[in-house]
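Read the structure below first, then the notes.
Only the coordinates and a few stated rules stand behind these numbers; no lab work does. Note that the structure is predicted; figures quoted are calculated from it, not measured. Neighbour counts run over all protein chains shown; Cβ positions are idealised from the backbone, glycine included.
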Amino acid sequence: MQVHRIQSNQRTFGYNRIANQRLLDTIPKLKLNQEIKDYITSNCIGNMIAEESLRYAEYRGWKNVRDIWEELLVNSKVAFTTAVDRILPQLNYRKDEIKAYMEEAESLKLSEKNPDHWIYAIAQNLKESDIRDNAENAKIVMETIVNEMLPGAKFEIDSVDDVLKAQYVGHYIAEQQKMADTNANQSLQESIEKGQSLTRFYEPKTEFQKRGLDALAGMEGLKQELTMDIIEPLKDLQKAEQDEKDFGIDLVPKAVLFYGPPGCGKTTFIKGIAAQAGLRLALITRDSVGSIYVDGSAKNLGAIFDYLESIATKENPVIAFIDDIDTVAPSRKENNLNGNHKNEIGVWLDRIDNAYLNNIIVFAATNDYYNLDPALISRLVMKKEIKLPDSELRRAIFEMKLKETEHGQNLSKNKKAIDEIVKLTENFSTRSIEQYIKEVRKMAYRDNKRDMTLEDFETVIKNNQNDKIDPEKYKVTPEKDSNRKPVGFNTNA
């Protein structure tokens with residue numbers, strides 16, 4: 001049988017090839033079983049055939065046939081658009097259908113010629129009909145059609161519920177999806193509350209708030225580099241993102257790794273950066289994510305990031321700082337790692353990958369670069385090495401700290417003594433140096449509250465030679481591990 005397209009309205013559901021194809025393209029992507037996908041597809045095509053048949057019957061003047069198809073189509077349209085709207089609300093199918101039929105009615109001037117026309121009936125039913133009322137009508141129509149086609153069959157549908165089950169599966173699916181969404185939202189809220197209890201925020205020191213990195217002694221070159229590469233972009237992320245697009249370069253510090261020997265100021269620098277950039281700094285440590293339960297650490301990490309995502313905004317992002325990241329996310333190549341720990345690395349990678357999309361900037365610090373998972377290293381794109389303090393920095397530390405107390409003033413003015421102390425503390429960390437100054441202060445205090453001397457420092461440094469650090473141990477070079485090439489930093493820096 002050849003079907004003629006009479007008065008085809010290219011914008012209606014059955015004839016709107018664009019909308020129709022959009023739906024048919026969407027169906028395979030739905031996370032539904034094949035039976036449901038087939039239901040949607042067959043109903044979509046069925047509506048097309050029904051409308052073709054109705055228009056053809058109307059064209060030929062077959063009143064009885066036209067009336068049957070009209071009643072079937074009116075009910076079918078309501079049922080199907082209801083199902084589609086509940087499964088795929090973003091497509092607005094019912095709204096588009098109403099608009100299309102009303103536009104066709106106006107173009108044909110049906111309000112004057114035939115206000116009871118089926119085109120109006122469909123539009124009106126789409127506006128007002130309830131799915132259960134529609135099922136009642138569909139039940140009657142189905143019984144009528146079958147019994148007219150098969151006289152004596154006495155076909156009867158037991159109940160409207162059977163119609164609903166057969167024709168309106170989309171309603172059931174939508175309810176199931178709604179329930180799943182509710183459960184997911186509840187689980188997310190529980191995760192956020194847990195993450196809030198695990199998260200600790202750094203309260204910046206007054207000096208950092210006032211002066212930023214300038215509150216730290218020495219390292220002028222490094223401070224200038226960190227200001228240019230990290231602080232300035234963080235202060236105006238919108239501008240940095242636009243400059244990235246305009247110049248085709250990476251400017252936004254989305255994920256940053258600070259590495260180098262222990263006690264050299266990695267954590268201090270990150271705290272200073274956050275304070276100077278005016279951003280909140282959430283501290284993530286082994287204690288906050290650790291758990292004795294299987295997958296417990298992964299869940300804790302997920303909860304922390306869920307919480308940070310809930311409070312971070314485009315205008316007010318959050319820095320997530322993972323201190324000693326090598327202790328919570330070691331390389332999966334380590335033989336002593338079990339499957340649970342390896343799964344946790346996967347969670348780290350996923351969270352870091354999506355952090356900036358959720359207005360989170362990741363900072364991490366490690367003393368053991370080569371114990372990090374290679375995939376994790378690649379995610380932490382920007383890398384900054386914090387080395388042992390050189391002679392210039394050690395001198396700046398001693399001069400600044402000695403001037404802080406009355407009993408260190410004289411020693412701070414003794415250039416020869418300072419030179420000797422600087423020489424004695426070569427290859428000692430910043431933390432160790434600051435600790436030695438405290439020990440010398442205590443020695444002078446206990447000895448009749450006298451002034452600090454060079455001899456005091458010589459004694460303390462001599463007694464702490466085990467604190468001396470071999471810089472080669474923490475040097476990152478391609479030759480150090482032939483199986484893993486360092487990523488994204490200058491080894492000559």
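Annotations
- Whole-number D in µm²/s for the range 354-422 (Stokes-Einstein; Kirkwood sum over Cα pairs; 10 °C, 1.306 mPa s): 101
- Distant-in-sequence amide contacts of residue 361, defined by a placed amide H-H separation under 5 Å and a gap of 5 or more residues or a different chain, comprise 318, 319, 320.
- Residues 111, 432, sorted so that the one with the fewest Cβ neighbours within 10 Å comes first: 111, 432
- Each label was represented as a point 7 Å from its Cα along the Cα-to-Cβ direction; for residue 186 and residue 391 these points are 6.9 nm apart.
- Förster-model FRET efficiency, 41 Å R0, residue 371 and residue 224, C-beta, rounded to 0.05: 0.85
- Taken along the Cα-to-beta-carbon direction at a fixed 7 Å, the label points for residue 410 and residue 60 span 11.9 nm.
- Whole-Å semi-axes of the range 198-385's equivalent ellipsoid (Cα gyration tensor): 27, 18, 17
- Neighbourhood charge, 13 Å Cβ-Cβ cut-off, centred on residue 46 and excluding it, Lys, Arg +1 and Asp, Glu -1: -2
- The range 245-289 and the range 189-230: distance between their alpha carbon centers, rounded to Å: 7
- Largest first, the extents of the alpha carbon coordinates of the range 391-468 on the three principal axes equal 31, 23, 19 Å.
- For the pair residue 285 and residue 107, label points projected 7 Å from Cα toward Cβ lie 7.0 nm apart.
- Computed from the Cβ-Cβ distance with R0 of 45 Å, the FRET efficiency linking residue 34 to residue 424 stands at 0.05.
- Whole-Å distance, taken between Cα centres, linking the range 43-121 and the range 404-424: 93
- R0 of 35 Å, Cβ-Cβ distance residue 350-residue 249: FRET efficiency to nearest 0.05: 0.85
- Segment residue 99..residue 469, full-extension length gain: 125.6 nm, with 0.36 nm per residue of separation and the alpha-carbon distance subtracted.
- Additional length obtainable on full extension of the chain from residue 458 to residue 310, 0.36 nm per residue less Cα span: 48.0 nm
- Gained length - residue 210 relative to residue 357, 0.36 nm times residue gap less alpha-carbon distance: 49.9 nm
- Scoring 415-427, 309-321, 384-396 by mean Cβ neighbours within 10 Å over their residues and listing the highest first yields 384-396, 309-321, 415-427.
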